[in-house]
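A.B. asks: Here it is, the structure in full.
The values are calculated or read from the model by the stated rules, or taken from the named source; none is laboratory data. The structure presented is a predicted model; accordingly, all values stated were derived computationally and were not measured. Virtual Cβ from ideal backbone geometry, glycine too; neighbours counted across all protein chains shown.
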Amino acid sequence: MLLRFEKDLPVLLIALVSASTVASLPQVESAWSGVKEVYGEQDFGLRILRELMLVVLVAYAFFEPRLRRGAMTSSVLAFLSAVATYVLFEVGYALYLDLPLVVPMAGLRVFEYLPLALIGFVVSRLGEGSYVIYKFAQYLRYYIALQAVLAIAQALWAPPLFGVSFLGGGRPFGTFVSPNLFGATMATCALLFALVPGMRNWVAVSVFLALLSGSRTAFISSLLVVFFQVYALLRSRDRWALVMPAPILAVGALLLASSPLLSGRDDANPTEDGRIDLWQRVFASSIHDPMDLLFGWGLGLSSNTINILFGAEHFPGQFDSDSLYLFLLNGYGLIGLLAYLGFLWAATRMSVHPKRGLVVMFIFVAGLTFNMWEYFPQNAMLMFLLGLVLGTGSNSAPVAATASPIASGPYHQRPS
């Protein structure tokens, strides 16, 4: 069998992302009928489809000789070994705290789609990153079209289980278990379309759907994509006019995102019984000594999986993290949190991708109030994009093609 990842990989990626249309089907049907089911009542038989698709994708990368050789380099193996060493230490520390093995295993969920980052890294190193992401974006248009039809119908006529949309119906949830997950995915799709020339219309559609969701995180993430799009259109000498008011725009966006008018919720103020109140209580009740601060107080205690399996507050120090950074602080301590932030900073320094700033800033902002590495398919797409950006280094195969994917020639001439 002849394997050509330039043709096969975009198909496998869209198949993986499209698994989200099936994974939450029972809950979507219930929400349409006016019944709000809890997260733990999802059909695990359907959810396992996404894990199976991930296994298929990883197996493909192993059998594709160029991807396999690209992943088996000393620098990649050294990085993975360093990460694995610290993670194993944290697992051992969680067991030392008498937590059952399933708890630290749940804390490893942030690494579940790390193989996609590795695949994206290798693809970019081979000089095919721009072509693969272009083809993936072409397929992704059909996924967005489906979500748009469902979301508009829900925003007009669905029961307001999650709040009221500005179109009069309930906040739309597409094929997801909640509007927040739907909005986060739409914002991520906007990011992906923003990396491909000629996709501005689809950026606009994705941003509109993200705003329609009423999700604060999706709203701010989408505006970040729009900001970078406008920034790229301006001449270098005129960009200061956009950069100077950026802090004021950011504060205005936060206030607007927190208003009931946009979010459709009465509890839209994050400082009142929201995330900030939760974070204050977590810091006050869970961090007792320097060991808790440096290494965390229980890997996995802030995972949604543990809340599903054992119920809320079953273990001392257990909580629903929401924020990725609080999740990292809980499970991997200040050392792990700083390592993650350092890795994002290093990505902007090592890469020569023309839109590395947008991708890294999007990942940073999306993690502030949302544990994006725990939620599918946002985590899958962002992992792959992060790998693409990291792989676009000064010593990778033709960088010029990555920086300007259409200028080098029509895509349909690649590989036949």
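A.B. asks: Starting from region 352-372, keep only residues that are more than 15 Å from L223 (Cβ to Cβ), then list their pairs with residues that are of a type in the set (A, V, I, L, M, F, W, C) and outside any helix (DSSP H, G or I) whose Cβ atoms are within a distance under 6 Å, requiring at least 6 positions of separation or different chains.
C.D. replies: K355/L195
A.B. asks: Let me ask another. Condition test on I363, is it at pLDDT 90 or above, β-branched (V, I, T), closer than 29 Å to L97 by Cβ and in a helix (DSSP H, G or I)?
C.D. replies: no
A.B. asks: Starting from region 161-173, keep only residues that are farther than 11 Å from W32 by Cα, then list their pairs with residues that are part of a loop (DSSP other than H, G, I, E, B) and among the hydroxyl-bearing types (S, T, Y) whose Cβ atoms are within a distance under 7 Å, requiring at least 6 positions of separation or different chains.
C.D. replies: Correct list of pairs: F162/S178; R171/S165; R171/S213.
A.B. asks: Which of the residues spanning region 100-123 are within 11 Å of G331 (Cβ to Cβ), among the aliphatic types (A, V, I, L, M) and crowded, with 17+ Cβ neighbours inside 10 Å?
C.D. replies: If the condition is that a residue be within 11 Å of G331 (Cβ to Cβ), among the aliphatic types (A, V, I, L, M) and crowded, with 17+ Cβ neighbours inside 10 Å, then V103, A106, V110 are the ones that fit.
A.B. asks: What's the total number of residues in region 100-117 that are aromatic (F, W, Y) and more than 21 Å from the chain's Cα centre (by Cα)? Let's see the steps before the verdict.
C.D. replies: Kept after step one, since they are aromatic (F, W, Y), are these residues of region 100-117: 111, 113.
Narrowing further to those that are more than 21 Å from the chain's Cα centre (by Cα): none.
The total comes to 0.
A.B. asks: Could you tell me which residue of region 20-41 is farthest from L161 (Cα to Cα), considering only residues that are modelled with pLDDT of 70 or more, small (G, A, S) and surrounded by 12 or more Cβ atoms within 10 Å (Cβ to Cβ)?
C.D. replies: Of the residues in region 20-41, the ones modelled with pLDDT of 70 or more are 20-22, 24-35.
Next cut, small (G, A, S) only: 20, 24, 30-31, 33-34.
Those still in the list that are surrounded by 12 or more Cβ atoms within 10 Å (Cβ to Cβ) too: 20, 24, 30-31.
Values: S20: 21, S24: 16, S30: 11, A31: 7 Å.
It comes out as S20.
A.B. asks: Identify, please: which residue in region 54-99 is closer than 16 Å to I119 by Cα and β-branched (V, I, T) and is, among those, farthest from the chain's Cα centre (by Cα)?
C.D. replies: Once the filter is applied, the top-ranked residue is T73.
A.B. asks: With respect to D292, is the statement that it is within 17 Å of the chain's Cα centre (by Cα) and at pLDDT below 85 true? Spell out how you get there, then give the answer.
C.D. replies: Working: within 17 Å of the chain's Cα centre (by Cα): no; at pLDDT below 85: yes.
The answer is no for D292.
A.B. asks: Quick one: L224 ticks every box in (1) more than 17 Å from Y375 (Cβ to Cβ); (2) touching a Phe, Trp or Tyr at 6+ places or on another chain (Cβ under 9 Å); (3) at pLDDT below 85; (4) not hydroxyl-bearing (S, T, Y) bar one, so which box is it?
C.D. replies: (3)
A.B. asks: When L344 is evaluated against the numbered criteria (1) within 20 Å of A84 (Cβ to Cβ); (2) of a type in the set (A, V, I, L, M, F, W, C); (3) at pLDDT below 90, which criterion, by number, is the only one it fails?
C.D. replies: With (1) within 20 Å of A84 (Cβ to Cβ); (2) of a type in the set (A, V, I, L, M, F, W, C); (3) at pLDDT below 90 applied to L344, the lone miss is (3).
A.B. asks: OK, next. Any idea which residue in region 292-329 is surrounded by the fewest Cβ atoms within 10 Å (Cβ to Cβ), counting only those that are in a loop (DSSP other than H, G, I, E, B), among the hydrophobic types (A, V, I, L, M, F, W, C) and in contact (Cβ under 8 Å) with a residue 12 or more places away in the chain?
C.D. replies: So in region 292-329, the residues in a loop (DSSP other than H, G, I, E, B) come out as 296-303, 311-323.
Pick out the ones that are also among the hydrophobic types (A, V, I, L, M, F, W, C) and you get 297, 299, 301, 312, 315, 319.
Subsequent filtering for residues that are in contact (Cβ under 8 Å) with a residue 12 or more places away in the chain retains 297, 299, 301, 315, 319.
Numbers: W297: 24, L299: 29, L301: 27, F315: 17, F319: 21.
Ranking the qualifying residues of region 292-329, first place goes to F315.
A.B. asks: Right, A184: touching a strand residue (DSSP E or B) at 6+ places or on another chain (Cβ under 7 Å) and either more than 28 Å from F62 (Cα to Cα) or modelled with pLDDT under 90 (or both) or not?
C.D. replies: Numbers: touching a strand residue (DSSP E or B) at 6+ places or on another chain (Cβ under 7 Å): no; either more than 28 Å from F62 (Cα to Cα) or modelled with pLDDT under 90 (or both): yes.
Here the answer is no, as A184 does not meet what is asked.
A.B. asks: Counting just the residues of region 62-85 that are in contact (Cβ under 8 Å) with a residue 60 or more places away in the chain and surrounded by 15 or more Cβ atoms within 10 Å (Cβ to Cβ), which one comes out nearest to D8 (Cα to Cα)?
C.D. replies: Residues of region 62-85 in contact (Cβ under 8 Å) with a residue 60 or more places away in the chain: 63-67.
Now restrict to residues that are surrounded by 15 or more Cβ atoms within 10 Å (Cβ to Cβ): 64, 66-67.
Details: E64: 10, R66: 13, L67: 12 Å.
Once the filter is applied, the top-ranked residue is E64.
A.B. asks: So is Y93 touching a Ser or Thr at 6+ places or on another chain (Cβ under 7 Å), of a type in the set (F, W, Y) and surrounded by fewer than 22 Cβ atoms within 10 Å (Cβ to Cβ) or not? Even if it seems obvious, please write down each step before you answer.
C.D. replies: On the way: touching a Ser or Thr at 6+ places or on another chain (Cβ under 7 Å): no; of a type in the set (F, W, Y): yes; surrounded by fewer than 22 Cβ atoms within 10 Å (Cβ to Cβ): yes.
No, not satisfied.
Yes/no matrix, rows are residues, columns are (1) of a type in the set (S, T, N, Q); (2) in contact with an Asp or Glu (Cβ under 6 Å, 6 or more places away or on another chain); (3) in a helix (DSSP H, G or I); (4) closer than 26 Å to G168 by Cβ:
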| position | (1), (2), (3), (4) |
| --- | --- |
| G198 | no, no, no, no |
| S206 | yes, no, yes, yes |
| L223 | no, no, yes, yes |
| F228 | no, no, yes, no |
